[in-house]
Amino acid sequence: MQSSAANLLVLVPLLPLLGAVCTVLLGRRLGPRAHVPAVAGIGAAAVVALLLLLGTANQVGRHTDPKHPVEPVEMISTLWQWATVGDARSGDLPAAEAGVPIAPGTAVSGGTFSIPVALRLDPLTATLLMVITGVGLLVAIYSIGYMHDDPGYPRFFALVAMFVFSMSMLVAASNFLLVYVFWEAVGACSYLLIGFWYTKPEAARAAKKAFLVNRVGDFGLAIAVFLLWMTYGTLNFHDTRLADGTIVEGILGQTRIADEAGYVAGAVGTAICLLMLLAACGKSAQMPLHVWLPDAMEGPTPASALIHAATMVTAGIYLITRSAPLFMGCPGALTMVSIVGATTALVAALIATVQNDLKRVLAYSTISQLGYMFVALGTGTMLGFTAAIFHLVTHAFFKALLFLGAGSVMHAMGGVIDMRRFGGLRHVMPITATTFLIGACALAGVPPFAGFFSKDEVLASLHAKAHPDAHGSDHGEAGGRPSGPGIDAGGVADRGVRPFRPASMTSRSTALAARATGTLSTTDHASTPEKVGLDALDHPSTWRLLFWMSLLTAGLTAFYTFRAVFMTFTGPVRIPKEAGHHAHESPPAMTNPLLVLAAFSALSGIVLFFTNALSSFLAATPSLNAPAVLATAVTHAFHPDIAIQGTLAAAIGIAVAAIGHLGRRSDSPQMERYLGPLGALFANKFYFDQIYAALIVKPLEALAMVTAFFDRAIVDGTVDAIGQVPLAWGSAIRRMQSGLVQRYALAGVVGVLAIVLALAWQLRP
Amino acid sequence: MIPATLLTNALLVGAVLFCLGLVGILTRRNLIVMFLSAELMLQGVSVTLVAWSRYHGDWGGQVLVVFVLTVAACEAAVALVFVLQAFARTGRLDASAWQALREENLPRVIDHGLPADDRVVPTWPHLSPAGVLPEGDDSRSLERDHV
């Protein structure tokens with residue numbers, strides 16, 4: 001069963017890849033049927049992903065009681081060995097570097113660098129694969145209607161299938177180098193899809209901007225991969241066995257995760273984590289690398305729905321979740337993750353309140369919601385991680401729904417997407433209006449839609465970190481609780497949860513004594529060790545601030561979402577003249593995916609929350625089975641206080657939006673005139689683009705001009721000058737050919753004379 | 001004479017003939033004179049061959065001379081055909097009339113040192129008629145006035 005599931009795993013990326021290849025080869029010949037290979041490939045992959053999900057769920061069983069740790073589930077299937085370099089490490093790592101875990105059994109001098117193409121299946125991967133292929137399939141079906149009169153019809157489907165392949169491989173790969181490869185691959189697919197209409201200058205510029213900003217993040221990931229190799233001796237997630245029988249512990253292998261001293265803390269550990277955070281910021285559009293996502297709306301709307309709402313931007317969250325054991329050793333890095341997330345969420349929400357372009361509102365909303373996920377990830381608790389993934393799943397549904405709805409509106413309005421130019425569309429497009437409203441309710445966090453529950457969990461995880469004593473009436477005795485690094489000593493009590501392996505203090509963990517208390521802590525929580533440097537951020541007051549920032553963001557989210565809904569769908573009916581005869585409801589190929597996504601947005605929250613299916617499913621992920629994370633597991637409960645606060649924020653937001661925009665003409669004076677200069681700040685996106693232009697773009701352009709001049713004048717000049725030399729020679733020698741036979745004969749005679757003289761000279765006595 | 005002296009003198013004669021022919025081919029512009037000079041070169045070589053043959057007592061040299069003379073005769077026939085064709089195309093026996101195969105941007109070589117081609121028409125002395133005037137026109141003379 002295990003091996004067959006792992007064998008099925010390779011089909012999930014393979015089928016869309018085949019679809020993409022078929023579309024590339026046969027696309028033009030298939031004409032209006034060019035979507036068939038891609039849609040079939042993605043559809044088949046979705047079916048396989050569903051089977052894998054069910055199979056993995058079967059393996060996990062149901063564990064609703066956090067007191068009993070779940071057996072982590074993972075299945076590895078190695079396809080082939082991509083590269084092997086023997087004796088790759090030169091010399092020993094200096095022994096003074098405390099806490100460097102040398103994998104047991106590996107010869108220290110000269111480790112083997114081997115990259116197997118291995119895929120892993122565990123609950124996190126299964127969940128994400130389902131989301132990727134499911135949303136991908138719905139977007140592909142939607143695109144059949146949306147792109148039907150576009151000359152690049154086959155190219156679009158090839159790119160979408162290519163993207164689904166890359167993203168599936170990214171979440172399924174079991175090796176950091178493979179993750180990096182497919183990290184870049186999804187970036188390339190994103191570039192191609194944003195610049196789909198490449199003849200439009202704004203689209204080309206936006207694609208270039210997206211790729212370059214992502215590159216900054218990729219640089220972070222590359223350095224992190226180098227550091228991982230240097231520190232851990234391998235890049236695999238899973239444990240592998242060398243030819244001579246020694247076991248190389250994978251970075252996220254079960255042995256290493258269970259061993260509290262398995263991970264490096266200190267400068268190297270924090271550096272790795274912060275670099276991964278940089279990479280995640282690039283891909284998931286967090287500050288300061290968020291500037292590409294709003295411009296990416298130049299691409300076709302289905303591409304925006306798939307890539308920039310549901311899947312690619314979640315790669316950063318996947319990376320951090322997958323590397324949770326690495327992060328747990330550096331509480332400072334975790335807090336940075338939350339700070340980045342909360343700041344981004346708030347700033348993006350503020351910018352979204354004054355946007356007039358429907359897709360831009362949704363883009364900033366995406367940035368804001370991704371910030372929420374980062375906030376939850378940074379809490380470092382089991383609740384936080386599962387809340388982030390829960391929010392990822394629900395966000396994929398309702399954000400894709402909102403984007404596809406916006407595409408439907410754009411299609412009907414003849415390409416106009418400025419909300420001030422149309423209004424009252426609920427009479428023109430009822431299905432789109434209803435589904436969009438459902439998506440907006442989910443986004444705003446209106447109970448009982450999906451977003452309410454996931455946002456509730458995010459806020460609950462923040463609240464738990466902010467008020468460490470408020471959530472537990474049962475502070476268990478700390479006996480037996482490991483006090484390894486990364487456990488917030490003032491955090492949620494363990495209630496006697498035993499980690500997966502008993503806290504056997506090995507000799508290695510004493511190397512980490514400088515950071516941890518170093519002993520089995522039997523005292524109360526007051527004896528928190530003094531935290532230094534970045535870790536000093538991990539203080540309950542920080543978490544309180546982040547909680548209030550998130551609550552404010554929730555209110556703003558509700559405001560701008562419903563502002564968009566009211567401006568677009570309520571008020572008097574106004575159709576711009578570009579719409580022509582298009583202004584009607586979209587064809588079923590476009591509305592059916594909307595209905596499916598609306599159903600998911602409405603119901604998935606309730607289903608997943610009250611059955612606790614997702615949380616207990618994810619708790620069986622090996623990455624989340626680190627003792628530090630398990631120690632923070634709490635009983636699944638509904639937090640009414642948090643729920644009330646969240647709903648109140650949402651209600652206030654909706655009310656303000658209603659006051660301003662419900663029933664009014666969409667081009668009536670906006671509410672932001674009350675904001676004054678702040679309104680200009682928000683509308684100019686906090687001047688990020690201008691700052692980057694002045695600091696980075698202009699100097700680079702100047703450098704480019706200098707190098708262009710150098711290339712043209714000096715390098716080309718030199719080459720041209722060298723080219724002139726034979727010409728000069730030639731024109732000198734050419735004069736010998738005069739056309740007169742006697743001169744030629746003379747030349748011959750002179751030559752013979754020269755030979756004779758030379759011979760005579762040689763033969764002189 | 002002793003054989004060495006005879007050889008030396010004969011080789012000298014051959015060399016002189018050869019050099020004269022060489023200079024002639026390189027310098028003269030009249031096609032027929034050029035050919036004449038080429039023949040002169042051949043004769044110089046022949047004399048040299050005979051001299052060596054006489055010196056070494058080897059008939060091979062003189063046999064080769066017979067061949068040379070034969071080939072020279074055939075070559076003369078072919079060459080004179082060429083000269084005739086050349087004359088027919090341009091009406092001139094000047095070797096420098098054939099310059100068309102020079103490089104494109106080079107100027108035509110024109111010899112500015114030639115004497116002017118003024119054909120002096122000589123006046124023949126007029127004798128008083130003695131006897132009966134011949135039949136035909138007086139002004140039509142059989143001699144050409146230039147060579």
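Every read-out reported here was derived from the displayed coordinates using simple, explicitly stated rules and does not represent laboratory data. Just so you know, these numbers come straight off a predicted model, no measurement behind them. So basically every Cβ, Gly included, is an ideal-geometry build from the backbone, and we count neighbours across all protein chains shown.
Results, tabulated for the structure shown:
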quantity: Packing rank of A:293-303, B:85-95, A:569-579, A:156-166, where each peptide gets the mean count of other beta carbons within 10 Å, highest leading; calculated: A:156-166, A:293-303, A:569-579, B:85-95
quantity: Average beta-carbon neighbours from other chains, 10 Å sphere, peptide B:85-96; calculated: 1
quantity: For region B:53-65, Karplus couplings with θ = phi - 60° (6.51, -1.76, 1.60), whole Hz, Gly/Pro x; calculated: 4, 5, 5, 8, x, 10, 5, x, x, 6, 5, 4, 4
quantity: Amide H within-cut-off set for residue A:118, under 5 Å, with H built and near neighbours excluded; calculated: A:79, A:174
quantity: Built amide H within the under 5 Å cut-off of residue A:446, gap 5+; calculated: A:452
quantity: Per-residue mean of C-beta atoms belonging to partner chains within 10 Å, peptide B:99-106; calculated: 5
quantity: Residue A:250 long-range amide H proximity, modeled H, under 5 Å; calculated: A:239, A:240
quantity: Mean Cβ count within 10 Å, highest first, over the residues of peptides A:549-561, A:425-437, A:192-204, A:397-409; calculated: A:397-409, A:549-561, A:425-437, A:192-204
quantity: Cα-centred dipole magnitude for region A:695-762, charges only on beta-carbon of K, R (+1) and D, E (-1), debye, nearest 20; calculated: 360
quantity: From the C-alpha gyration tensor of region A:285-359, square roots of 5λ in Å; calculated: 27, 16, 8
quantity: Potential lengthening between residue A:84 and residue A:595 on full extension [0.36 nm per residue; Cα-Cα distance subtracted]; calculated: 179.0 nm
quantity: Magnitude of the charge dipole, region A:608-765, Cβ model with Lys/Arg +1 and Asp/Glu -1, debye to 20; calculated: 880
quantity: Per-residue mean of C-beta atoms belonging to partner chains within 10 Å, peptide A:731-743; calculated: 5
quantity: Tensor-based shape of region A:695-762 (alpha-carbon gyration tensor, a/c under 1.5 rounded, otherwise prolate or oblate); calculated: oblate
quantity: Positive dipole terminus of region A:695-762, leading residue within A:719, A:759, A:729 (C-beta point charges); calculated: A:759
quantity: Phi-based couplings in Hz for region A:8-15 (Karplus 6.51, -1.76, 1.60; Gly and Pro marked x); calculated: 5, 4, 5, 5, 5, x, 5, 5
quantity: Region A:149-218, dipole about Cα centre (Lys/Arg Cβ +1, Asp/Glu Cβ -1), debye to the nearest 20; calculated: 200
quantity: Förster radius 22 Å - calculated FRET efficiency between residue A:684 and residue A:707 (Cβ-Cβ, nearest 0.05); calculated: 0.10
quantity: Exceeding the 27 Å Cα-Cα cut-off - candidates A:465/A:685; A:209/A:465; A:399/A:698; A:577/A:685; A:208/A:359; calculated: A:465/A:685; A:209/A:465; A:399/A:698; A:577/A:685
quantity: Residue-wise HN-Hα coupling along region A:251-259, computed from phi with Karplus coefficients 6.51, -1.76, 1.60 (Hz; x: Gly, Pro); calculated: 5, 10, x, 5, 5, 6, 5, 6, 7
quantity: Loop-located GluC sites (Glu not before Pro) in region B:53-104, at most 14 other Cβ atoms within 10 Å (DSSP); calculated: B:103, B:104
quantity: Region B:3-91, relative contact order [Cα under 8 Å, separation at least 6], %; calculated: 28
quantity: Ordering of A:582-588, B:46-52, A:733-739, A:599-605 by burial proxy (mean other Cβ atoms within 10 Å per residue, highest first); calculated: A:599-605, B:46-52, A:582-588, A:733-739
